[in-house]
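Visitor: Take this structure, written in structure tokens, and hold onto it; I'll ask about it next.
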């Protein structure tokens, strides 16, 4: 049992600075701000990288490409032969993300960038072959995307919903035959679940 006392991480600021972003991620973050986007917090990026490594991810779906901040974190946790499929409505954002992935040292073959609405793209993806799905797109699409994840993820694969929301968290919790969920208190309020 732990004894109560001051955190060695120094509060939220300490958690956010535990692992520093390199110049590539800082560039991607600055681009996001210039475009009016809100990139994931550093601690969320670290958590995504950890999830990708924990499931030994070879195939990952990301909804909401942005300028590539979360994509770089995911690619850094994936297997060396892994492919990130990232979906976004905005082709301009995706052009920036492609550039960031290359600057981060990833070959173009490591990412598959699809422009379009996630709910139109997901039905065309193969069943049961993905190791991880990250939802950071339109919150109105999250519930339908979680339903799609149940089909797309292999058993033991995981889903991470950024800013999941209480109603969605309850739904995933109540589908205990499909999901083993947890809420992770990063600044982006993650809902995570493993596919049974």
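Visitor: Step by step: first the residues of the stretch 30-40, then only those that are buried (at least 19 other Cβ atoms within 10 Å of the Cβ) and either modelled with pLDDT under 95 or closer than 21 Å to residue 161 by Cβ (or both), then the one that is farthest from the chain's Cα centre (by Cα). Which residue is that?
Guide: Ranking the candidates gives 32 first.
Visitor: Any residue that is in contact with a strand residue (DSSP E or B) (Cβ under 6 Å, 6 or more places away or on another chain), under 14 Å from residue 62 (Cβ atoms) and not in a strand (DSSP E or B) - is there at least one of those in the stretch 155-169?
Guide: Scanning the stretch 155-169, I find no residue that is in contact with a strand residue (DSSP E or B) (Cβ under 6 Å, 6 or more places away or on another chain), under 14 Å from residue 62 (Cβ atoms) and not in a strand (DSSP E or B), so the answer is no.
Visitor: Oh, and also: Which of the residues that make up the stretch 32-56 are under 24 Å from residue 117 (Cβ atoms) and in contact (Cβ under 8 Å) with a residue 40 or more places away in the chain?
Guide: Selection gives 35, 37, 40, 44, 48.
Visitor: If you don't mind, there's one more thing I want to ask. Does residue 19 satisfy the criteria of being touching a residue at least 24 places away in the same chain (Cβ under 8 Å) and assigned to a loop (DSSP other than H, G, I, E, B)?
Guide: For residue 19, the condition - touching a residue at least 24 places away in the same chain (Cβ under 8 Å) and assigned to a loop (DSSP other than H, G, I, E, B) - is met.
Visitor: Now, a different point. So, in the stretch 171-186, how many residues would count as being more than 14 Å from residue 147 (Cα to Cα), surrounded by fewer than 17 Cβ atoms within 10 Å (Cβ to Cβ) and without any contact (Cβ under 8 Å) to a residue 60 or more places away in the chain?
Guide: Result for the stretch 171-186: 4.
Visitor: Go through the stretch 77-116 and give me each residue that's out of contact with any strand residue (DSSP E or B) (no Cβ under 8 Å at 6 or more places or on another chain), on the phi < 0 side of the Ramachandran plot and in a loop (DSSP other than H, G, I, E, B).
Guide: Correct list: 79, 80, 81, 104, 106, 107.
Visitor: If you don't mind, there's one more thing I want to ask. With 188, 127 as the choices, which residue is farther than 23 Å from residue 72 by Cα and either modelled with pLDDT of 95 or more or in contact with a helix residue (DSSP H, G or I) (Cβ under 6 Å, 6 or more places away or on another chain) (or both)?
Guide: The match here is 127.
Visitor: Within the stretch 39-60, is there a residue that is under 21 Å from residue 155 (Cα atoms), in contact with a strand residue (DSSP E or B) (Cβ under 8 Å, 6 or more places away or on another chain) and part of a strand (DSSP E or B)?
Guide: Checked against the condition, which is being under 21 Å from residue 155 (Cα atoms), in contact with a strand residue (DSSP E or B) (Cβ under 8 Å, 6 or more places away or on another chain) and part of a strand (DSSP E or B), the stretch 39-60 yields at least one hit.
The values are calculated or read from the model by the stated rules, or taken from the named source; none is laboratory data. As the structure is a prediction and not an experimental result, all values here were calculated from the model. When we count neighbours, we look across all protein chains shown, and the Cβ atoms used for this are built from the backbone with ideal geometry, even at glycine.
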